[in-house]
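One structure is given below, encoded as structure tokens.
The values are calculated or read from the model by the stated rules, or taken from the named source; none is laboratory data. Keep in mind that what you see is a predicted model, and the values were worked out from it rather than measured. Positions of Cβ are backbone-derived with ideal geometry, glycine not excepted, and every protein chain shown enters the neighbour counts. Each accessible area value is taken on the protein alone, full model and side chains, heavy atoms only, with ligands, DNA and RNA left out. Shrake-Rupley method; radii C 1.70, N 1.55, O 1.52, S 1.80 Å.
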Amino acid sequence: MAMYQQPQHLRQHTHHYNQPLSTQVVKATTAATIGGSLMLLSGLTLVATVIGLVIATPVMVIFSPVLVPAAITLLLLIGGFLTSGGLGATAAFVLFWMYRYTAGKHPIGADQIDYARHKLANAAYEVKEKAQHLGHESVNTIQGS
């Protein structure tokens, strides 16, 4: 009679239970040591941040009439340069795309532009035909009256 075989994915999960006790103790000790060290570093960082804030607060209050306008000016300058750079890069890309399109090199999106141009041309032609038809009808009704 065939014995029951545990599926592979269940055997993988129970593998660590079959390890010797010493290996499990070493793993737990290592995890606790690393976790404790990281918690200690986290606490020291928090204490250093609070001490730095306590020391820096009076300095910031004293120099705030100078620092606040300077920070606002700096933010405006950085924002202006980033905006200028972004718009310049966009303009360069658009010019490059237009050059490739007019040179017949078929850039990305050229099919959609051609399709939209074709639809606009058809709509303009239909409006022109409709206007001519209505114009002829109005002339005929005026002459017939």
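Annotations for the structure displayed:
- If the condition is being open to solvent by less than 100 Å² (accessible area, probe 1.4 Å) and under 30 Å from ASP114 (Cβ atoms), then the range 66-97 contributes GLY86, GLY88, ALA89, THR90, ALA91, ALA92, VAL94, TRP97.
- Filter pass, LEU10 being among the hydrophobic types (A, V, I, L, M, F, W, C) and at pLDDT 85 or above: no
- Flag if ILE113 is open to solvent by less than 90 Å² (accessible area, probe 1.4 Å) and more than 23 Å from the chain's Cα centre (by Cα): yes
- Residue identified as assigned to a helix (DSSP H, G or I), among the charged types (D, E, K, R) and open to solvent by 100 Å² or more (accessible area, probe 1.4 Å) among LYS130, LYS105: LYS130
- Selection of first residues in the range 89-109 that are free of Cβ contacts under 8 Å to residues at least 40 places away in the same chain and of second residues that are among the basic types (Lys, Arg) and open to solvent by 60 Å² or more (accessible area, probe 1.4 Å), restricted to Cβ pairs under 7 Å at least 6 apart or on distinct chains, gives the following pairs, ordered by first then second residue: PRO107/ARG100.
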